[in-house]
Structure formats: C-alpha cells, structure tokens
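Below is one structure, written out as structure tokens; comments come after it.
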Amino acid sequence: MSAHTEQFALDVDPREDQERIPPRPPPTWRQLGLDTMAALLVVSLRRLGSNGFTARCQWPRTHPLNERSLAVTHHPLILAESTRQLAVALEHQYLSTDVRTSLPLELLSVRLGLSPDARPIERGSASDVTVRVSVGDLATRGGVLTAYRIAAEYAYVGVPFGSCAMWLGSAESLATPRAVAPPALSLLYPSAAAVGASADTDVMLARAPQAYLVMEPRDPGHPVLLPGRPDRLPALAVLEAARQAALLTSGLTAEAVVGLQVELRAPVPSSGALVDVSAEPAGARVLVTVGGQSAALGTVALLRA
C-alpha cells in the first residue's frame with residue numbers, strides 16, 4: 001500500500017489540556033536514546049489543542065556544547081537537540097497504539113532559525129525555555145507511521161528567540177550508500193575556536209592533503225553529537241559539521257550564525273565524506289559527498305559586518 005497523509009492521531013484524554021489535569025511525565029533519558037541523564041533537556045510536555053503541544057526545557061549553562069564561561073549564549077545545536085527529544089517524547093506518549101508499532105524513524109532534515117538579539121544568556125545554572133510544538137504531515141503505510149513533521153517555537157521569559165522544524169522518516173528513503181575512501185594518513189584539525197566549538201573534542205572536520213575538507217569527528221563517540229559511536233553520522237552531527245565548515249571558511253565567529261538547514265540524501269559515513277563550502281550573499285551552502293554522490297545538502301545563514 002502506498003504511503004499517504006492522515007490526520008494526527010493522538011492516544012490522549014481530550015481533557016488533558018485543562019489546567020486541572022497534570023501533564024504526563026516526560027520519557028526517561030534512556031527512552032530518548034541518550035547516553036546519560038545529564039543530556040536530558042525536556043522537562044515537561046502537555047497537549048495544547050488537537051495537534052499542538054506546549055513544553056518546557058532546561059538548558060544547563062554547563063552543557064557539553066557550550067563555552068566554558070560565566071555568561072553563556074547557548075549553542076544552537078541545543079535547540080535542535082531539544083526538538084529531537086520532543087519528537088521522541090511525542091512518539092512515546094501521544095501517538096496512537098497502532099502508530100507506535102512502526103520501525104524507529106530517523107531525522108532526515110532539519111531547519112532552525114535564531115533571533116540574535118533575543119537569545120538567552122545564562123549566568124546561573126540553567127535557562128528555563130518554553131516551547132510551542134505542532135505536528136503534522138503524518139504519512140502512514142498500512143496503518144503504520146512512516147514519516148511526520150514537527151515544528152517548535154522557543155521563547156525565554158516570554159520573548160521568542162528561535163524556531164526549529166524537522167522531518168522524520170524511514171532511512172529506507174535515503175539513497176544507497178557508496179563506498180568511501182579510507183581516511184588520509186595525514187589530517188590537520190582546525191582549532192576549536194576556528195569552527196566555533198567550545199572544545200577540541202567537538203571538532204567535526206579536518207583538512208586532508210591538497211586542502212580537502214573532510215568529515216572526521218575528533219571524538220567518534222561524542223556524548224551529544226555521536227552517542228553510541230554510530231557507523232554513520234546522524235542529521236544533527238551533519239548539521240553541526242555544516243556550521244563548523246561555514247565558520248572555518250568565512251572566518252566569522254559563532255555569534256554570526258542565525259540559521260541552519262540540512263537535508264540528508266544518502267547515509268553519511270562516520271568519517272571520510274568530502275565537504276565543499278560555497279559562499280552566498282546570505283551565508284554559505286555546504287555540500288557533503290560520498291564516493292562522488294551527494295549525501296547531504298546544507299545552508300548556513302550568517303550575519304556579516
């Protein structure tokens with residue numbers, strides 16, 4: 001049976017959006033596929049209308065991706081990771097029983113935008129962030145969920161500062177992977193500062209001979225970007241690599257990034273994929289290729305002086 005779009009099906013009491021009905025407890029860090037409880041960002045999730053939700057997240061100042069300073073502007077990947085965790089929470093708690101029988105869905109594309117002047121700056125222990133979430137474009141095959149879209153709008157002390165939209169689906173929709181050349185014997189890693197990272201272990205790229213830029217995570221088991229040491233890079237790791245590549249080639253600092261987007265077209269191996277960056281008036285376009293085949297396409301919006 002061919003895939004088709006249906007209305008969002010919720011296994012939820014319609015009274016739950018009333019204040020006297022408490023929100024359901026969020027999934028545990030294990031259910032969200034996290035390596036440690038410290039990586040948990042979602043605090044609560046409550047239904048709001050027929051296909052909308054409201055949530056609360058806590059972003060710790062000492063999150064592994066953040067700079068080590070007394071006043072921290074949170075890394076944009078924390079916003080994206082919060083949205084991914086919200087998607088998993090929705091699958092666990094609010095989709096109908098039949099939909100839960102689907103195979104695990106993967107993040108295939110992500111788009112986020114930031115308002116530079118409204119982003120929270122944390123000087124204490126953590127930022128309490130509120131989120132409005134909507135879900136739609138559910139695709140099913142034989143009553144089994146095969147894809148859907150989630151969109152989230154983030155606010156801090158009532159002021160919107162960012163948004164994120166994701167498309168999740170089956171990895172079967174990706175092109176067949178091609179062989180990738182073994183990593184070069186001589187690689188030159190940029191400094192963390194050159195790619196807008198807080199630590200050398202966060203660096204996702206390296207220079208190969210002849211100045212080629214390649215995907216080569218410095219920490220193949222990074223607890224946030226690469227939990228479990230995957231054989232291929234998840235979409236958020238590719239998104240972070242695109243951000244780093246744009247900053248490395250432009251010479252700008254992390255504060256210049258106001259938007260990120262990536263779409264997976266084929267599996268991206270854990271190392272060795274080529275990264276090509278092209279400057280554009282509003283930022284940069286990033287192409288990731290594997291064996292001459294386009295594996296991912298990203299864009300990075302940059303504020304230039």
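The values are calculated or read from the model by the stated rules, or taken from the named source; none is laboratory data. This is a predicted model, so every value here is computed, not measured. Here the Cβ is made from the backbone with ideal geometry for all residues, glycine too, and neighbour counts use every protein chain on show. Quick note on the areas: whole protein, heavy atoms, side chains included, nothing else; ligands and nucleic acids left out. Shrake-Rupley method; radii C 1.70, N 1.55, O 1.52, S 1.80 Å.
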Subject >> Listed residues Y212, Y154 arranged by accessible area, highest first, probe 1.4 Å >> reply: Y212, Y154
Original post:
For the stretch 168-304, what is the convex hull volume of the alpha-carbon atoms per residue, in Å³?
Top reply: 109
Original post:
Can you work out the FRET efficiency for the pair I121 and E263, with r the C-beta to C-beta distance and R0 = 30 Å, to the nearest 0.05?
Top reply: 0.45
Subject >> Local electrostatic count, A206, Cβ distance below 14 Å [Lys/Arg +1, Asp/Glu -1] >> reply: -2
**OP:** Grab the Cα-Cα distance for A282 and S186, subtract it from 0.36 nm times how many residues apart they are, and report the gain in nm with one decimal.
**Re:** 31.2 nm
Original post:
Quick one: net charge of V43's neighbours, Cβ under 10 Å, K/R +1, D/E -1?
Top reply: 0
Original post:
How many angstrom lie between the C-alpha centres of the stretch 69-87 and the stretch 114-142?
Top reply: 9
Original post:
Peptides 286-295, 156-165: what's the order by average Cβ count within 10 Å, highest mean first?
Top reply: 286-295, 156-165
